[in-house]
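Student: One structure is given below, represented as structure tokens, and several questions about it will come after.
What follows is calculated from the coordinates using simple rules that are stated; it is not laboratory data. What you are looking at is a predicted structure, and each value in this text was computed from that prediction instead of being measured. Using ideal geometry, Cβ is built from the backbone for each residue, glycine included, and neighbour counts are taken over all protein chains shown.
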Amino acid sequence: MSKTTQALVLKLLLTFVASWIAFGFIDENNLANIFVLAIIGTILNYLLGDLFVLPKYGNLAASLGDGLLAALTAYIYSMITNFDISTASLILFFALIAVGEYYFHKYLLGTEKVEPNE
């Protein structure tokens, strides 16, 4: 398994746990919806945050942007599916993703064979 694939699996796990905490425990959504949201969030945050924002604007901007994008994704996902959210869960999700991504970006930047460093 390549380093980039390992990093994406780690990012998916991070997003799933944050989604589960925010939307599973607080809003009692089922794991299937939480997992779908985690996949969508992982893909969008990797493409926009890790490959575009992180190299150009740095870790802090990318982490905050990833948190905002994840919360926006959850909000849109709730509008098109049977996925319950609350303001408290969105704020918690934003915070968990932003903090988690901050440390994930440090890992990405420190590993030479992982995008965006390849």
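Student: Just give me the residues in the stretch 1-19 being among the hydroxyl-bearing types (Ser, Thr, Tyr), farther than 15 Å from Ile34 by Cα and touching a residue at least 60 places away in the same chain (Cβ under 8 Å), in sequence order.
Tutor: Selection gives Ser2, Thr4.
Student: Of all residues in the stretch 76-118, count the ones that are hydrophobic (A, V, I, L, M, F, W, C), more than 16 Å from the chain's Cα centre (by Cα) and either farther than 14 Å from Gly41 by Cβ or crowded, with 20+ Cβ neighbours inside 10 Å (or both). Break it down stepwise before answering.
Tutor: Just the residues of the stretch 76-118 that are hydrophobic (A, V, I, L, M, F, W, C), to begin with: 76, 79-80, 83, 85, 88, 90-99, 104, 108-109, 114.
With the extra rule that they be more than 16 Å from the chain's Cα centre (by Cα), the set shrinks to 79-80, 83, 85, 88, 109, 114.
If we keep only those that are either farther than 14 Å from Gly41 by Cβ or crowded, with 20+ Cβ neighbours inside 10 Å (or both) too, we end up with 79-80, 85, 88, 109, 114.
Matching residues across the stretch 76-118 total 6.
Student: OK, next. For the condition in a helix (DSSP H, G or I), in contact with a Leu (Cβ under 7 Å, 6 or more places away or on another chain) and either without any contact (Cβ under 8 Å) to a residue 40 or more places away in the chain or among the polar types (S, T, N, Q) (or both), what is the one hit in Ala95, Ala62, Ala71, Ala22?
Tutor: Values: Ala95 fails: in contact with a Leu (Cβ under 7 Å, 6 or more places away or on another chain); Ala62 fails: either without any contact (Cβ under 8 Å) to a residue 40 or more places away in the chain or among the polar types (S, T, N, Q) (or both); Ala22 fails: either without any contact (Cβ under 8 Å) to a residue 40 or more places away in the chain or among the polar types (S, T, N, Q) (or both).
Unique residue meeting the criteria: Ala71.
Student: Restricting attention to the stretch 11-67, which residues are crowded, with 22+ Cβ neighbours inside 10 Å, of a type in the set (Asp, Glu) and closer than 22 Å to Ser86 by Cα?
Tutor: Asp66
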